[in-house]
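Peer 1: Just dropping this structure here.
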Amino acid sequence: MIQEMQEIVKMHGIKKVYSNGVIACNEVDFSAYLGEIHAVMGENGAGKTTLMKILFGMEKPDSGEIYIKGEKTVISSPQSAIKNGIGMVHQHFMLVPSLTVAENMMLGMEPRKKGIMVNYSMAKKLTEEACKKYNLHLNPSEKVFNLSVGSRQKLEILKALVRGAKILILDEPTAVLTPQETAELFIELKKFREIGITIIFISHKIHEIKEICDRITIMRNGRVMGVHNVSDVTEQQISKLMVGRDAILSICKSKCKPTEVVLDIKDLICYKNDGKVAVDRISFSLRRGEILGIAGIEGNGQQQLVEVLTGLSSKYSGNVKICGNNIKNKDVHKIRNLGMSHIPQDRMSFGVALKASISDNLISEIVQTKEFNGRILMRIKKIKEYVNTAIDNFKIKCTMMKQPVSTLSGGNIQKVVVSRELSLATPLVIADQPTRGVDVGASELIRNKLVEMRDNGSGILLVSADLNEVIELSDSIVVMYGGKIVAFIEDGSYVSEEQLGEYMLGLASQSEEIIRGVMHV
Amino acid sequence: MTIGTFFTSIVLTIDFLDMLLRMTTPILLAALGAVIFDRSGIVNIGIEGIMLLSALTGVLISAGAQSWILGLLCAVLCSVFVSLLYGYFVLKLKTPLTLCSLAINALGAGGTIFILQLVTGEKGNTASLASISIPTIVIPFIKDIPIVGAILSGHNIITYLAFISIFLVKFLLYKTPLGLRMRAVGENPDAARSVGINEHKIKYTALILSGILIGMSGAFMSMGYMNYFVRDMTAGRGFIALAAEITGQATPIGTALSSLLFGLMGSIGTALQSLNIPGELLSIIPYVSTLLALLIYNMHKKRQMKKVYLVCHPKRNKLVIK
Amino acid sequence: MFKRFLKIRSNNVNIVFELIKMLIVIFIVVGIAAIIVIVTSKQPIQSLLSFFIGPFTTARRFSEIFEAATPLMFTGLGLVVMLRANLFNLAGEGAFFLGALGATIVAVYFPMPGIIHIIACLVTAIVCGAFAALIPAIFKVKWGTSELVTSLMMNYILIYFVIWVIGYVIRDYSAGFIASQEFLPTAIIPTLFSTGKLHAGFIIALIAAAIMSVFIFYTRAGYNVRMTGENLNFAKYSGINTAKVILFVQVLGCAIAGLGGAVEVLGRYDRFRWGASPGYGYTAVAVSMLARKSPKLIPAAAIFYGYLECGAEILGRESDVTPEVIQVIQAVVVILIAAEALFFNWRQRMIVKATANDTQVARSEKL
């Protein structure tokens, strides 16, 4: 089907290793033909975003070459990428809300009037011409903060095209669009193909890719698993290439012995900041003594779910009970007092106080209790004991407890967070990406500690994008896709990666009967 | 004297208007400078210190070279230099800006006192120096128009420049490419960077331009408002200017109105002295009115803020705990 | 080698280490002061001696070091407490002055037996100081307005108010200058020694510093203050009522400054005789930065400052250099600290960047 199409982009032998040892891209080859819509697919951590960031000059590869139209090119910055005809539309739009469409379009290349003034009428005209040329309709005088998300995306695309992009990289473009807007976008993309613009489409939505793309490059763990014509490969085959484990983690754990329900969720609907539904009416329950893993590609509602459960967001409807108590209208701390501890996804913003000492970070919860406080002063000796125990227990590598947390390595900082939370020994533990960005040794320790917590009677809700971790650590698994629960696997050790992959990618879903099995109430 | 006569015989006079304009000028200039750097995303709370430094520089050079033009020029250069230094510390060295601002204010307050002493041997002021002040302008034909002539003509050059600056800043921000880029950098630096705008270059430019205005403000203090430098002569005007910019919503016209308001408060305070109210109490007026203005502004803003924030910054999904 | 040196340094954060950093700054400051003196004096050796050795030459002068240090200990302490919560509230300047006024009024017009009189004066001053903090604190908590701007406005208001009161309301017209009436003898804080005027206020200051140290480091409330200053979100997440902390800390800090005003006026003088604010609230900025925001180091920093002021005064009297050099030194200290914040945090920032990189890597792979 693809005859001798001109290869417009070629990336060869791209390798990128981050400072903590994670190999984002491992000898990756990528190429795209002129005028095609080429999908780059992969899970989180697969390397696709890094690869495209390298193409757009936002990251520098450790080794490898890039060829544009057959000529070797060095892309050192987004500016040089733009000069080479590459444009990128990011997930988070780079627009200035209080400026108009035309102003955003022309930013950095404003048409001049008499040399020192901006020629606004010319800007408007140029914007209208661009709209007509690329068939994307926008009102040049409209201020961006009044635009719908779909329109903003159109503006981003236009911005790239107007600066001469012949290769357009779209990073998860449909993540923020309504179905109608998605349909509109696809029509536009097809038209771009006709005028010779190449589109690189980063996504994980198999259905969409099947609908609009010509070829796919599938990545997993920094490697290319395959490059195929979309028409030659089934969804199942794609899923199998995308989702899988190269090595099996082994975690020693005995069979779980769950007891009473500690987290009870009924008909939960969670909303994003802009009002859109992120979690679409789910129900499940978690019992003491078990680890329930939530598998799923990020962006399917997990974040909003965790925010609601931990009290960071109150945009929801439905019933959530922790240890039998409803969390409605309760702030973060009251919810924690109901018996919840939380290992947050983003430890830097509120997981730790970087400049404070390890000791201060570890005691943030217990310091408020009577047990560690005398009439006026804190019980220093008792606190020191507590801190030392925690440091030993979690093998936090430090010289002294008074040193600031910022001097620790990433893994050790996470250990501080985990240690603090798990030492509370609450009935419910919500672990959100507990080993993300953490080295192997610390990850192992953290996982073992979670199992220990489970054996001591806590119920653990594990949200993780690391498939290995979810499969090996969880007793039961729930798969989320599109804000819904599409599968419930009672015994995690009996599920195959292929099956799990299909659920995660929305290719299959279980019957309601089976899913209801996760309600132990 | 009743309130009535107070108004007719003191306030509604040309002299009062003169005083009003003289009071407003330094605040207006510094506040317009604040508009520029605030819009560009690099706030400088050290205005007070910079004003003092420029004020002293202006006087000293003017006395030494016997030229007010040179004095004004050096005052502006001094201000630009310190502003750029501030920018370097904040942008390149990433020192927290409150700390840098405190340093500049300390430098201004302490440095001017020391240099003042060093150069003149006087402890309080430079009155002993024969410094040339910035002249006032009398506009040939306009001055002869009854009433209007007296209002429009006979003010200090810097005062005229200050009011012209309102429109210059407006022009800069809304009509020039630089202004557009400044507003972009101030509102969403990522967006600006994505189209190749050098964020730091814009911010340094903002500091230079605001430095010019603040330098003029400082020079006016010691070479126009008064004819010599007195220690601590700015008396908080730098901060009042900042408050004017805040309550003026960082727009040139709004800021001008706020500055005028604060100038008015100062003038009324001075005028009230003729009513035998002690000077110290009257001196409080500008500062109280600043606090009041901030109060009213904040109460008004809180209602508006929530609505605008979510719409304007959909990307800001940073978790903030209530 | 330097990197390893830095590593050791940034790992070690106990008080001894902070003291070392402070000594380094002191060393640099002394060096710069020396340079200024040498450059501007026609008799450099003589001037240097006056400045640096002068304060030690007589018992009287030596005692002056501590007399000068006393007010700075109070304002510095107050500011340090507020800085711990990351609040740049400079109302200590106005609080000090208002506190002095409050104490003056009680000292002159409300006779009471001995020690009770002094205590009443001090308590009044504390209340006055607390009052000075209200507006900046409320503005900050309710609307997030910069406490720097509001506190500075407050200072002007309070200082002019006090000057008016002294000049017009409670003025003693029989004195040859603008001042209040004399304090009743029961209100005066006694001196400690026969030479010099070092008064018990110095001891009170030391006690205050000790109490604040214990408060900041050994109580739960102090912990809350520190965490609020280190990371507001983290503090909120831990259940700390940060609004309450922000309000409380400013009131406390300014109350201490107010106390300082009372101690100074009742200990050093026989009546309120300032025509303008002595500026201890602003000097406190340099002092508290020198003390590295630690209440434990405030006495040392204040004493060093007192030494500099003493030396500068002697310099002014005995040589041709202006004593205003002290003002420049103040500025230099603040600038040094601002620059130092960059050097010693540089390594920490590198580490933070690396850690952020870890989470960034994972996040950049996120969809």
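We did not get these values from a lab; they are worked out from the coordinates using the rules stated. What you see is a predicted model; the values in this text were computed from it and never measured. With ideal geometry, Cβ positions are generated from the backbone for all residues, glycine too; neighbour counts draw on all protein chains shown.
Peer 1: Going highest first, how would you order A:487-494, B:254-261 by mean Cβ packing within 10 Å?
Peer 2: Numbers: A:487-494: 16.4, B:254-261: 22.1.
Listed from highest to lowest mean packing, they are B:254-261, A:487-494.
Peer 1: So what's the gap between the Cα centers of region A:452-521 and region C:254-273, to the nearest angstrom?
Peer 2: 69
Peer 1: Please give the FRET efficiency for residue B:152 paired with residue B:15, using the beta carbon to beta carbon distance and R0 = 22 Å, rounded to the nearest 0.05. Don't jump to the answer; show the numbers that get you there.
Peer 2: Numbers: r = 15 Å, r/R0 = 0.68.
For residue B:152 and residue B:15, the calculated efficiency is 0.90.
Peer 1: Taking only Cα atoms, what is the 0 to 90° angle, nearest 10, from helix A:149-162's long axis to the longest principal axis of chain A?
Peer 2: With both axes taken from Cα atoms, the answer is about 50 degrees.
Peer 1: How shielded is A:394-406 by partner chains, expressed as the average number of their Cβ atoms within 10 Å of its Cβ atoms?
Peer 2: Numbers: counts 0, 0, 0, 0, 1, 4, 4, 0, 6, 5, 7, 5, 9.
Counting Cβ atoms of other protein chains within 10 Å of each residue's Cβ and averaging gives 3.
Peer 1: Averaged over peptide A:362-369, how many Cβ atoms belonging to another chain are found within 10 Å of each residue's Cβ? Intermediate results must be reported in sequence, preceding the final value.
Peer 2: Numbers: counts 0, 3, 9, 3, 0, 7, 6, 1.
Average neighbour count from other chains, rounded to a whole number: 4.
Peer 1: Something else: Write down the radius of gyration of chain B and its Dmax, each obtained from C-alpha positions, in Å.
Peer 2: So, for chain B, Rg and Dmax equal 20.6, 65 Å respectively.
Peer 1: In square nanometres and to one decimal, what's the mean projected area of the convex hull around the Cα atoms of chain A?
Peer 2: Numbers: hull surface 110.4 nm².
It is 27.6 nm².
Peer 1: What number comes out for the charge environment of residue A:235, summing +1 per Lys or Arg and -1 per Asp or Glu over other residues with Cβ under 12 Å away?
Peer 2: Working: positive: A:205, A:210, A:240; negative: A:208, A:211, A:498, A:502.
So the environment of residue A:235 carries a net charge of -1.
Peer 1: Which of rounded, prolate or oblate describes region A:330-399 when judged by the alpha-carbon gyration tensor and an a/c cut-off of 1.5? Don't skip to the end; give the middle numbers.
Peer 2: Details: a/c = 1.80, a/b = 1.08, b/c = 1.67.
The shape class here is oblate.
Peer 1: Okay, next question. Which order do A:27, C:230 fall in if you start with the one that has the fewest other Cβ atoms within 10 Å? Can you show the working numbers first?
Peer 2: Numbers: A:27 14, C:230 22.
Ranked by crowding around the Cβ, least crowded first: A:27, C:230.
Peer 1: Return one number: the angle in degrees, 0 to 90 and rounded to the nearest 10, between the long axis of the Cα atoms of helix C:15-40 and the longest principal axis of the Cα atoms of chain C.
Peer 2: Around 60 degrees separate the two axes.
Peer 1: Under 13 Å from the Cβ of residue A:10, count the other residues' Cβ atoms, weight Lys and Arg +1, Asp and Glu -1, and hand me the total.
Peer 2: Working: positive: A:69, A:72; negative: A:7, A:29, A:65, A:71.
Taking every other residue near residue A:10 into account, the sum is -2.
Peer 1: Okay, next question. Would you kindly compute the Cα radius of gyration of region A:7-242 and its largest Cα-Cα separation (Dmax), both in Å?
Peer 2: Using the Cα atoms of region A:7-242, the pair Rg, Dmax is 18.1, 61 Å.
Peer 1: Okay, moving on. What is the sum of charges, Lys and Arg at +1 and Asp and Glu at -1, for the other residues whose Cβ falls under 14 Å from the Cβ of residue B:250? Before the final figure, lay out each step's value.
Peer 2: Details: positive: B:39, B:170, B:183, B:301; negative: B:38, B:187, B:245.
So the surrounding residues net to +1.
Peer 1: In whole angstrom, note down how far apart the Cα centers of region A:58-117 and region B:148-168 are.
Peer 2: Taking the Cα centre of region B:148-168 as reference, the centre of region A:58-117 is 44 Å away.
Peer 1: As a test, work out the antiparallel percent of DSSP beta bridges whose residues both lie in the protein assembly as shown, rounded to the nearest 5.
Peer 2: Working: 53 of 89 bridges.
Of the beta bridges lying entirely in the protein assembly as shown, close to 60 percent run antiparallel.
Peer 1: Also: Under 8 Å for C-alpha pairs, at least 6 residues apart: give me the relative contact order for region A:349-425, rounded to a whole percent.
Peer 2: That works out to 45 percent.
Peer 1: Can you tell me the orientation of helix C:2-11 relative to chain C, as the angle in degrees between its alpha-carbon axis and the longest Cα principal axis, to the nearest 10?
Peer 2: Rounded to the nearest ten degrees, it is 70.
Peer 1: When the Kirkwood hydrodynamic radius is evaluated over all pairs of different C-alpha atoms of region C:2-364, what value in angstrom, to one decimal, is obtained?
Peer 2: Answer for region C:2-364: a Kirkwood hydrodynamic radius of 21.6 Å.
Peer 1: Let me ask something else. Write down the Kirkwood hydrodynamic radius of the protein assembly as shown, to one decimal in angstroms, obtained as one divided by the mean of 1/r over all alpha carbon pairs.
Peer 2: On the way: mean 1/r = 0.0297 Å⁻¹.
Its Kirkwood hydrodynamic radius stands at 33.7 Å.
Peer 1: Against the globular-protein guess of 2.2 N^0.38 Å, express the Cα radius of gyration of region A:228-325 as a ratio, rounded to two decimals. Don't skip to the answer; put the middle values down first.
Peer 2: Working: Rg = 17.8 Å, N = 98, 2.2 N^0.38 = 12.6 Å.
My calculation over the Cα atoms of region A:228-325 gives 1.42.
Peer 1: Quickly work out the residue A:382-to-residue C:17 label distance, labels modelled 7 Å from Cα along the C-beta direction, and quote it in nm with one decimal.
Peer 2: Between residue C:17 and residue A:382, the label points sit 2.9 nm apart.
Peer 1: I've got another one for you. If you average the C-alpha positions of region C:211-241 and of region B:177-191 separately, how far apart do those two centres end up, in angstrom?
Peer 2: One Cα centre to the other: 38 Å.
Peer 1: Could you work out the relative contact order of region B:61-137? I mean the mean sequence separation of Cα pairs under 8 Å and 6+ apart, divided by the number of residues, in percent. Spell out each step's value before the answer.
Peer 2: Values: 49 pairs, mean separation 30.0, N = 77.
Relative contact order of region B:61-137: 39 percent.
Peer 1: Here is a follow-up. According to the square roots a ≥ b ≥ c of the eigenvalues of the Cα gyration tensor, what is the shape class of region A:194-235, taking rounded for a/c under 1.5, prolate for a/b larger than b/c otherwise, and oblate for the remainder? Display every interim value, and only then the final one.
Peer 2: Values: a/c = 1.79, a/b = 1.41, b/c = 1.27.
Cα axes put region A:194-235 in the prolate bin.
Peer 1: Report, as an integer, the average count of C-beta atoms from other chains found within 10 Å of each Cβ along B:290-302. Each step should come with its number before you reach the end.
Peer 2: Working: counts 6, 9, 0, 0, 8, 7, 0, 2, 5, 2, 0, 1, 3.
Other-chain Cβ atoms within 10 Å of each residue's Cβ, averaged: 3.
Peer 1: Given an 8 Å cut-off on Cα distances and at least 6 residues of separation, report the relative contact order of chain C as a percent.
Peer 2: Details: 607 pairs, mean separation 116.2, N = 367.
It rounds to 32 percent for chain C.
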